[in-house]
1. So which pairs qualify, if the first residue must be in region 40-51 and more than 12 Å from Asn72 (Cα to Cα), the second must be among the aliphatic types (A, V, I, L, M) and in a loop (DSSP other than H, G, I, E, B), the Cβ gap must be under 9 Å, and the two must be at least 6 apart or on different chains?
2. From the list Lys28, Lys75, Lys71, Lys59, which residue is more than 17 Å from Asn113 (Cα to Cα) and in contact (Cβ under 8 Å) with a residue 60 or more places away in the chain?
3. Considering only region 90-126, how many residues are touching an Asp or Glu at 6+ places or on another chain (Cβ under 7 Å) and of a type in the set (Val, Ile, Thr)?
4. With the structure loaded, tell me whether Ile98 is in a helix (DSSP H, G or I), modelled with pLDDT under 90, surrounded by 21 or more Cβ atoms within 10 Å (Cβ to Cβ) and among the hydrophobic types (A, V, I, L, M, F, W, C) or whether it fails that test.
5. Give, as residue ranges, the strands (runs of 3 or more DSSP E) completely inside region 23-66 that count at least 1 residues that are more than 18 Å from Gly109 (Cα to Cα) and at pLDDT below 90.
Amino acid sequence: MKLDLLAVLCAGNFTNSNDYDDYMTLNKEPVYIGAKNRMKASVLTDNFTKEYLLIGGSKEKVLAMKDYLFKNNCKSKITCLISGSSTNGNMIALNKYIEQNITKLSNIGILSNGYHFTRIYTFLFRSMSKYSQAHCNFIPVVSEIILDNIIEPGPMEKMITFESNGIIDLKDNKYIQKKTQYKVL
């Protein structure tokens with residue numbers, strides 16, 4: 001089965017070494033973000049998707065993701081979508097894109113890191129009525145399945161804590177569903 005659309009959530013900043021990093025520093029401590037694994041997984045799904053939808057918080061970020069796919073010989077169509085600069089912003093933009101562009105039964109994959117999926121599902125569950133006309137079948141693609149390096153437990157635990165707090169905030173309506181940037185490049 002081929003995905004009609006694979007939404008790749010923002011991989012963060014492209015590093016000076018022409019690659020993505022799997023860690024960021026927060027409060028002087030490393031936190032796992034898995035950007036490198038997310039982009040490697042994107043490349044590995046090329047034969048299984050008709051179109052990529054690259055979603056990121058700035059033009060520079062989505063164009064860097066697009067360039068990464070080109071440099072790794074990906075052949076699928078690529079659409080770039082500028083969104084708010086968070087998972088919440090990515091999901092709002094994905095929601096709007098689907099509402100406006102998906103009109104028939106579609107297999108849509110969402111590619112992100114495993115730690116993201118509970119929050120992604122929570123967001124989607126709260127928005128499913130908006131997807132009812134699109135007839136989407138969401139298929140998660142977890143980037144850690146291609147892991148070729150060991151994730152340090154401390155930085156991963158920090159990210160899981162941040163994600164857990166994000167789920168609580170989402171359920172408590174602390175995320176503002178304000179207008180977010182939404183621009184197809």
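The values are calculated or read from the model by the stated rules, or taken from the named source; none is laboratory data. What you see is a predicted model, and the numbers here were worked out from it, not measured in a lab. Positions of Cβ are generated from backbone atoms using ideal geometry, with glycine treated the same way; all protein chains shown enter the neighbour counts.
1. Within 9 Å, the pairs are Phe48/Met1.
2. On the way: Lys28 fails: in contact (Cβ under 8 Å) with a residue 60 or more places away in the chain; Lys75 fails: in contact (Cβ under 8 Å) with a residue 60 or more places away in the chain; Lys71 fails: in contact (Cβ under 8 Å) with a residue 60 or more places away in the chain.
Residue meeting the stated conditions: Lys59.
3. Number of matching residues: 2.
4. yes
5. 23-26, 29-32
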